[in-house]
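The values are calculated or read from the model by the stated rules, or taken from the named source; none is laboratory data. Since this is a predicted model, take the numbers as computed values, not measurements. Cβ: placed from backbone, ideal geometry, glycine included. Neighbour counts: every protein chain shown. Ligands, DNA and RNA are excluded from the accessible area calculation, which covers all protein heavy atoms including side chains. Shrake-Rupley method; radii C 1.70, N 1.55, O 1.52, S 1.80 Å.
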Amino acid sequence: MKNQNTISSLDKWSFGILFGGVILSCFALIPFFPLSAEIVKGYFFTLGTTLSFIIFIIARVYEGSLSILRSRILIAAKILVLAVVLSSIFSSSFTLSFWGRGFEQDTAAFFISGFLALVLSSYYFAKKDRLVMLLSAFLGVNIFISLFTIVRLLFPKILSLGVLGAKTSVLPGTWNEAMLFFAFTALIAVSIIDLVKIKKGLLRVISFVSLGLSIVMLIIGNFLLAWVLFGAMLLILFIYTVTVENGNSTTLDTRMIPVTSLIVILLSIFFVAGHSNIGTFMPRVFNAEYTELRPSLDATYNIAKNSLKDNPILGIGPNQFSVAWAKFRPTEILGTSFWNTNFVSGSSAISTSAVTIGLIGFISWILLALAILIAAFKGLFTISKDKVQGNLKAISIVLVIYLLLLMFVYAPGILTNVLFWIFVGVMVAVGESEDSKYFNFSFIGNPKRNFIQLTAVLIVLIAGIAFMFIRTEQFLGRVSIVKASILFGNDGSAGEVESKLIQSNNYAARDDTFRALAQFYSSMLGKELSLLQGTENATDEEKAKLKSLWNSSEMSAVMAAKLEPNRVENWQFLGSFYLDAVAIGVQGSLDNAELAYKNSLNISPIDPGAYVALAEIAYRKSDVALGDEYISKALELDPTFSSALTLKEQLNKIKSTEENIPETEITATDEISETE
């Protein structure tokens with residue numbers, strides 16, 4: 001009995017932590033601390049799922065057995081996660097592909113967290129009272145977020161929390177991400193009203209209030225995709241209720257007429273049809289017009305086609321879409337204000353996977369989608385003995401299809417990805433657990449078999465603890481770099497800024513942290529040089545200090561490029577860094593700047609900015625012919641490129657910069673070489 005109480009207590013803790021992590025991922029941020037909300041949400045989700053999984057495994061060890069559902073969806077999801085992990089191992093940047101800088105949803109680590117969430121959801125939400133609790137919680141969260149957003153639209157400064165900037169900066173993520181969340185919770189509300197048919201009580205009131213607020217927010221947001229998918233899912237729900245749910249009912253007295261669904265469907269059709277005219281009225285009234293930038297389907301297809309020629313099987317690597325974009329971006333984008341934007345995803349999550357995890361990953365996504373659709377079709381037309389359980393199954397199926405369609409037509413943020421993994425697990429729990437078979441593992445009985453199985457479980461447990469520890473260090477590293485940025489912006493102690501940046505690298509070394517270190521040391525070097533302006537001769541101590549600051553800044557800038565050599569932003573930063581060094585008389589910096597920009601062009605050949613930088617370097621070296629050649633190449637790519645036109649006009653006015661700077665005896669490193 002005592003052992004059973006322990007198991008029950010562990011399961012409650014595991015479920016509560018998973019539940020809390022999922023709910024917090026809807027709106028979590030750190031008030032008055034400018035850490036990306038995506039990082040905060042990602043960490044809470046990762047921490048919740050991993051800690052819940054660790055406690056779950058401990059409970060199973062206490063219980064002496066482990067049962068795993070034999071589900072096509074679970075198998076397909078496992079194949080997808082293995083494909084992502086395998087792709088990250090063979091990626092040109094294992095660190096960014098597996099772990100990422102922050103908590104990007106395209107990393108292997110996030111897919112692992114998602115799979116753990118799926119497994120845990122399939123176990124814990126088989127009980128209908130827990131599923132009702134989850135759905136109710138989302139309705140409550142939606143009411144809070146909706147009211148918060150409305151008040152913020154009216155009084156943006158009051159609820160900025162020191163983090164949220166523009167009116168369209170909202171708790172769920174981007175403005176469009178918020179609209180997708182409102183459509184999702186509206187689906188939950190309509191489903192509870194029309195399917196569960198609660199006649200009275202708090203849940204019915206919450207459902208209507210949540211639905212009303214979601215509709216208001218969708219009208220204000222005027223996001224066409226959210227309206228289209230919302231209306232389409234409601235239509236499926238309506239048809240299901242009228243046909244399958246009514247069963248053999250032949251009279252109006254016994255038939256279920258989903259009035260709410262019908263009204264909201266008509267409303268959806270109205271706002272889809274009036275998207276470009278009537279639909280624009282409310283966004284203008286609230287000054288909440290929002291434009292989202294992302295590659296078109298055609299552009300993503302061309303990126304995938306070119307990228308797959310080099311990496312057909314495993315792709316370029318998870319979280320590496322920006323590398324492929326830099327290399328293969330369409331020339332049509334040149335001449336626009338977005339020519340230098342490095343997109344981190346394609347037109348949709350699935351199309352992005354073709355680039356990042358190759359054919360194996362893309363096929364794995366298709367297999368998972370097919371497994372979900374087969375289970376959904378079977379689940380919708382299988383009558384459950386428990387009517388409430390059957391209705392909850394239908395609700396979970398509609399929600400999962402909505403989220404799955406989003407993966408195919410959109411590149412959603414972290415919140416939608418969290419919802420996808422959780423509700424796929426919910427769908428498995430309520431749709432497949434009744435009739436499915438299980439893989440059963442017992443730790444009691446056969447000593448030899450038990451030893452092997454228990455050893456495997458303990459390895460998984462240790463891996464889970466290590467995974468949580470590394471992700472926590474990664475989170476603390478991001479916190480440290482933000483603290484350093486705040487201190488630097490507020491003219492804090494140089495020692496404290498340096499300490500925080502070094503601390504960030506000690507937690508999790510990343511290229512952007514090394515770039516921040518280079519900027520910090522360069523700033524300190526600039527301040528020291530300004531103090532020495534007009535001084536004819538610097539003392540040996542002053543020279544040593546200048547040399548130390550230069551060496552630290554240069555080492556940091558070079559380390560960023562060496563750590564992630566396929567990231568064009570690192571070579572662009574290094575080139576700019578050495579060009580700035582020319583002005584302070586650092587020997588060899590012009591040659592190193594040239595090599596850095598050439599490396600940048602090797603990674604991103606369609607970059608007029610790099611050609612202009614190389615032209616400037618050539619002119620400074622008095623090689624006018626080479627400079628003219630680079631300018632011509634820049635203008636071939638973009639005849640309207642202003643920097644190239646300006647430099648061309650000022651060619652005859654360019655003179656070597658000569659400033660009264662004391663001799664520092666500083667020399668640039670000779671460790672920069674041209675990449676292939």
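Assorted remarks:
- Across region 206-213, computed HN-Hα scalar couplings (Karplus, 6.51 cos²θ - 1.76 cosθ + 1.60, θ = phi - 60°) run 4, 4, 5, 5, 5, 4, x, 5 Hz from first to last residue, x flagging Gly and Pro.
- Spatially, region 93-111 and region 260-276 are offset by 39 Å when compared through their Cα centroids.
- When its C-alpha radius of gyration is set against 2.2 N^0.38 Å (N residues), region 436-494 gives a value of 2.16.
- Percent accessible area from carbon and sulfur atoms, the chain, protein chains only, probe 1.4 Å: 62
- Working from Cα pairs under 8 Å separated by at least six residues, relative contact order for region 306-448 is 24 percent.
- Rounded, prolate or oblate (a/c below 1.5 giving rounded, otherwise prolate when a/b exceeds b/c) for region 81-224 by Cα gyration tensor: oblate
- Between helix 37-63 and the chain there is an angle of about 50 degrees, using the helix long axis and the longest principal axis of the Cα atoms.
- Accessible area per residue for the chain is 44 Å², calculated with a 1.4 Å probe on protein heavy atoms, without ligands, DNA or RNA.
- Over the C-alpha trace of region 5-70, radius of gyration and Dmax come out as 14.7, 47 angstrom.
- Once both labels are positioned 7 Å from their Cα atoms along Cα-to-Cβ, the gap between LYS437 and LEU224 label points is 4.9 nm.
- C-alpha center-to-center spacing [region 200-238, region 5-42] in angstrom: 25
- Residue by residue, region 103-119 carries 3J(HN,Hα) couplings of 10, 4, 7, 9, 8, 4, 4, 5, 4, 5, 4, x, 5, 4, 5, 4, 4 Hz when phi is fed to the Karplus relation 6.51 cos²θ - 1.76 cosθ + 1.60 (θ = phi - 60°); x denotes Gly or Pro.
- Region 415-520 shape via C-alpha gyration tensor axes, a/c threshold 1.5: oblate
- Kirkwood hydrodynamic radius of the chain, from the reciprocal of the average inverse Cα-Cα distance over all distinct pairs: 27.9 Å.
- Spatial separation of Cα centroids for region 478-542 and region 323-356, in angstrom: 33
- Split the chain at each of the trypsin sites (Lys or Arg not before Pro) in a DSSP loop with at most 16 other beta carbon atoms within 10 Å, and the longest piece is 438-620.
- Rh (Kirkwood; distinct C-alpha pairs) - region 250-407, Å: 19.5
- Highest to lowest packing among 569-581, 349-361, scored as the average C-beta count within 10 Å: 349-361, 569-581
- Relative contact order %, the chain, counting alpha carbon pairs below 8 Å whose residues are six or more apart: 16
- Principal-axis tilt of helix 589-603 within the chain, Cα atoms, nearest 10 degrees: 30
- Cβ-derived FRET efficiency at R0 56 Å, LEU373 paired with ASN277, nearest 0.05: 0.95
- Tail beyond 16 Å, pair distance distribution of region 335-422 (Cα, percent): 63
- Extension gain, ILE486 to TRP13: 0.36 nm times the residue separation minus the Cα-Cα distance gives 166.6 nm.
- For the pair LEU645 and LEU476, the difference between a 0.36 nm per residue extended length and the Cα-Cα distance amounts to 56.3 nm.
- Based on C-alpha pairs under 8 angstrom that are at least 6 apart in sequence, region 384-487 has a relative contact order of 19 percent.
- Axis of helix 568-582 versus longest Cα principal axis of the chain: the two differ by about 20°, to the nearest ten degrees.
- Estimated translational D of region 507-661 in µm²/s (Stokes, Kirkwood radius over Cα pairs; 4 °C; 1.567 mPa s): 78
- Tensor-based shape of region 205-245 (alpha-carbon gyration tensor, a/c under 1.5 rounded, otherwise prolate or oblate): oblate
- Theoretical FRET efficiency, 1/(1+(r/R0)^6), r = Cβ-Cβ of LEU266 and VAL344, R0 35 Å, to 0.05: 0.40
- Here the simple spin-label model places points 7 Å from the Cα toward Cβ, and for THR539 and ALA494 these points are separated by 1.5 nm.
- Estimated FRET transfer efficiency (SER530, LEU458; beta-carbon r; R0 56 Å; 0.05): 0.40
- Spin-label pair ASP386-LYS127: with each label point 7 Å from Cα along the Cα-Cβ axis, the two points sit 1.1 nm from one another.
- Under 14 Å, Cβ to Cβ, from ASP623 - net charge with Lys/Arg +1 and Asp/Glu -1: -3
- Per-residue [θ]222 nm for the chain (sum of -39500 (n - 2.57) over DSSP H runs n ≥ 4, rounded to 500): -22500 deg cm²/dmol
- Here the Karplus relation 6.51 cos²θ - 1.76 cosθ + 1.60, evaluated at θ = phi - 60°, turns the backbone of region 414-429 into coupling constants of 5, 5, 4, 5, 4, 4, 4, 5, 5, 7, 5, x, 4, 4, 5, 4 Hz, with x for every Gly and Pro.
- Over 19 Å between alpha carbons, listed pairs LYS305/LYS598; LYS78/LYS305; LYS527/LYS547; LYS305/LYS562; LYS309/LYS633; LYS128/LYS385: LYS305/LYS598; LYS78/LYS305; LYS305/LYS562; LYS309/LYS633
- For the chain, the residue among VAL612, ILE263, GLY100 whose Cα projects farthest onto the positive side of the dipole built from Cβ charges is ILE263.
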